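The values are calculated or read from the model by the stated rules, or taken from the named source; none is laboratory data. All of these numbers come straight from a predicted model, not from anything done at the bench. For neighbour counting, all protein chains shown are included, and Cβ atoms are generated from backbone atoms with ideal geometry for every residue, glycine included.
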Amino acid sequence: MNLSKSLIEQILTNGGNFFFFIVTANLVGPMEFGQFGIMWACIQMIHGIAIQWILLPITSVPIRFETSHLINISRARLIRGTPAIILGIIVYGFIFSIEKGVLTILLLYLITISYIAVELARYVLIRENKIDRAIILQTAKWVGAFCVFFLITEVSLSAFSVLISIGSSVMMVCVWILLSNRGLIFSSPLSIESSHLDNYSAPLLRYGYVTTFHSIITTFVLTNINIALFGAIQVFRSLSNFFPVALQYIESHVSARLVGAGKSTLIGSGYTLCGIVFFALCVEMTVMHYDEVIVNAIFSDEYDKFSYLLPFVLGIAIFQALGRLLSVEVRLKEKTHVMDYSSILLIISAFLVLVAWQFNCDVEIILFIMVFTPLCQFLYLVLWKSRKI
């Protein structure tokens, strides 16, 4: 695997997310971005299920599962999941009072399914070590993301021109991938033990559902407290995307390399894990000290009053990333049942967030719960790795 190309692809993935939110957040204020953030959160929640059930297994399941068969299974799951996706969008729109209508539902569905399909292609290309094509795919994705933002917020571009841009970009990318991977896309019927893969994926699917439930609860609570605050949180999350670059690189590229080599151990030394945690805590402490300076330097003046949120948002992202790092070994070792315990922690967290909101607790208490939850999930996985549980 070409290391430099893999790093470029991962930086493009995280860097594109960073610049997307920086640019769009400065085009509109916290209130307007909060409205966009609600719709984006809907897409992300559905993607959260897909990444656990469909995407991450592609770079984690053993080499005995042929890529063409994984694509067939993933495609079938997307088709079977279409009614659930549409129902989820309708329910989400009802909860958050998004404008209801066939056009809105269709638009959100098309954006969501396109986003998942592009990510599916990315993970397949990484598993097959076709990094050049993954880089082009990521570039096209972020061009499409800006078009979608302008379409949803109706900023400067007409809906017609945006739709033409999106349609043309998606068509060219899809044709290019199909022509370049005929052996992958047009494959023979399934001949693997799909039941084994279903057992492998079932805990991941449950975890994806619970993650979505947790996200809906926290989004509902935060938007009811202050939608501008929610918009600021969504924007500040973009600042955390450079820290998980290495972790997400491990989750996709390194995991695929280990699968190709027939290995299942990612972190062999406890000292390595301690070093990673120490570095993460140093970053968190630095941000806690310079949160106002960072916000003033990057965002418009409207975001200054929300600078105190940055350490909380970064803490959530850091512990989630660390947990996902250890989850790589869970998938590589085919011990996915461990994720059921993480699901239980998320359910407890959602309940505590609701209780805190009902009793009018300060938003800092709610954010502390949201930070403490991924910390507990990470510590549980540490104990699992050390064979304590």
(request) State whether one or more residues within the stretch 334-352 are under 30 Å from Asp198 (Cβ atoms), surrounded by 17 or more Cβ atoms within 10 Å (Cβ to Cβ) and among the charged types (D, E, K, R). (result) no
(request) Enumerate the pairs (first residue in the stretch 206-233 and more than 22 Å from Ile348 (Cα to Cα) and buried (at least 23 other Cβ atoms within 10 Å of the Cβ); second residue anywhere and among the polar types (S, T, N, Q) and at pLDDT below 85) with beta-carbon separation below 8 Å, excluding pairs fewer than 6 apart on the same chain, so at least 6 apart or on different chains. (result) Gly231/Gln35
(message) Cβ-Cβ distance below 6 Å, separation of 6 or more or different chains: which pairs start in the stretch 252-264 with a residue that is closer than 17 Å to Gln10 by Cα and end on one that is among the polar types (S, T, N, Q) and at pLDDT 80 or above?
(response) Ser252/Thr59; His253/Ser6; Ser255/Thr59; Ser255/Ser60; Ala256/Thr59
(message) So Val287 passes all but one of these: (1) touching a helix residue (DSSP H, G or I) at 6+ places or on another chain (Cβ under 9 Å); (2) under 30 Å from Val259 (Cα atoms). Which condition number does it fail?
(response) (2)
(request) Considering only the stretch 321-339, state which residues are of a type in the set (Gly, Ala, Ser) and under 12 Å from Ile250 (Cα atoms). (result) Ala321, Ser327
(request) Consider only pairs whose beta carbons are under 8 Å apart and that are at least six residues apart or on different chains; among these, list those whose first residue lies in the stretch 375-389 and is part of a loop (DSSP other than H, G, I, E, B) and whose second residue is among the hydroxyl-bearing types (Ser, Thr, Tyr) and at pLDDT 90 or above. (result) Ile389/Tyr380
(request) Would you mention how many residues in the stretch 353-368 are assigned to a helix (DSSP H, G or I) and surrounded by fewer than 18 Cβ atoms within 10 Å (Cβ to Cβ)? (result) 6
(request) Within the stretch 265-292, track down each residue that is in contact (Cβ under 8 Å) with a residue 12 or more places away in the chain, small (Gly, Ala, Ser) and out of contact with any Leu (no Cβ under 8 Å at 6 or more places or on another chain). (result) Gly270
(request) Would you check which residues across the stretch 237-281 are part of a helix (DSSP H, G or I), farther than 17 Å from Asn17 by Cβ and modelled with pLDDT under 80 and list them? (result) Ile250, Gly260, Ala261, Gly270, Tyr271
